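The values are calculated or read from the model by the stated rules, or taken from the named source; none is laboratory data. Just so we're clear, the structure is a prediction, and the values are computed from it rather than from any experiment. Using ideal geometry, Cβ is built from the backbone for each residue, glycine included, and neighbour counts are taken over all protein chains shown. Remember, those area values only see protein heavy atoms, side chains included, never the ligands or the DNA or RNA. Shrake-Rupley method; radii C 1.70, N 1.55, O 1.52, S 1.80 Å.
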Amino acid sequence: MKIYKAAIFDMDGTLTDTLADLHDSVNEMLDHYNFPRRTLDEVRQFVGNGARKLMLRALPAEKISDENFVDEALAFYNDCYARNCLKKVCPYDGIMNMLKILAEKKIPLGICTNKQHFAAVAIAKKILAPIKFSYVSGDEPGRPRKPNPTRALEGAKKFGVEPAQVAYFGDTAVDIQTAINAGFLPVGVTWGFRPRSELVESGAEIIVDTPQEILAQINFGGK
């Protein structure tokens, strides 16, 4: 059984359930402009490709061709989410124990997400404590978003391991494509924002239904 020496995770829908805070922030933005609100399930489908893409999906269709307006709405949304991002978020059941066991095995842990970088860092520090992540990379201006593998590969380089020694975990096709593009083991998780069928179709080599299955199905051997 192949040995993996590092683990990198998506955040939304993988480590943490952030949907309620995202939903609240989207609707706060929509309320500001007197636009129709979005349902929780709509926002669930909209997330995964960064905040700007979320705006393009959430705003009324007639507004998305106006780039200046989209920029304005995005700035307002970011302010909303900065206030809301720690209010209702929580780790999924079993996540903290799984991370604790990996940390005890001295497995380097990282996060690579299309969530805004400020929010990814805040959630990692406050919601996932006391777990220490050696690498946290969120969406920042001028930096490529997943499925571009650039930021994910920076994590492997920081850990001092080859891409083939990294397992990457996520709940969407974007995550699986990122792992494949980086040369990581692509692992899909079913407790997040997308159905199992999306993970299968996008090429996940392993699909897990609980965080405990991560420890059972993947051989982490440390550096």
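Among residues belonging to the range 17-54 that are of a type in the set (Gly, Ala, Ser) and assigned to a helix (DSSP H, G or I), point out the one that is surrounded by the most Cβ atoms within 10 Å (Cβ to Cβ). Of everything passing the filter in the range 17-54, SER25 is surrounded by the most Cβ atoms within 10 Å (Cβ to Cβ).
Of the residues ALA122, ALA129, the single one that is over 21 Å from ASP209 (Cβ atoms), aliphatic (A, V, I, L, M), touching a Leu at 6+ places or on another chain (Cβ under 9 Å) and open to solvent by 10 Å² or more (accessible area, probe 1.4 Å) is ALA122.
May I ask you to verify whether ASP139 is open to solvent by less than 40 Å² (accessible area, probe 1.4 Å) and acidic (Asp, Glu)? Yes; evaluated as a whole, the condition is true for this residue.
So is THR14 under 21 Å from PRO195 (Cβ atoms) and open to solvent by 60 Å² or more (accessible area, probe 1.4 Å) or not?
no
Scanning the range 181-192 for residues that are more than 11 Å from THR14 (Cα to Cα), of a type outside the set (A, V, I, L, M) and part of a strand (DSSP E or B) returns a single hit, PRO186. For the range 107-114, the count of residues that are in contact with a strand residue (DSSP E or B) (Cβ under 6 Å, 6 or more places away or on another chain), assigned to a loop (DSSP other than H, G, I, E, B), closer than 23 Å to LYS157 by Cα and touching a residue at least 40 places away in the same chain (Cβ under 8 Å) is nonzero. The residues listed here are GLU154, GLU198; of these, the one that is touching a helix residue (DSSP H, G or I) at 6+ places or on another chain (Cβ under 9 Å), open to solvent by 20 Å² or more (accessible area, probe 1.4 Å) and not polar (S, T, N, Q) is GLU198.
If you go through the range 160-180 and keep only what is surrounded by fewer than 18 Cβ atoms within 10 Å (Cβ to Cβ), part of a helix (DSSP H, G or I) and of a type outside the set (A, V, I, L, M), you end up with nothing.
Determine, yes or no, whether ILE64 is surrounded by 14 or more Cβ atoms within 10 Å (Cβ to Cβ), over 28 Å from ALA216 (Cβ atoms) and among the hydrophobic types (A, V, I, L, M, F, W, C). Yes, satisfied.
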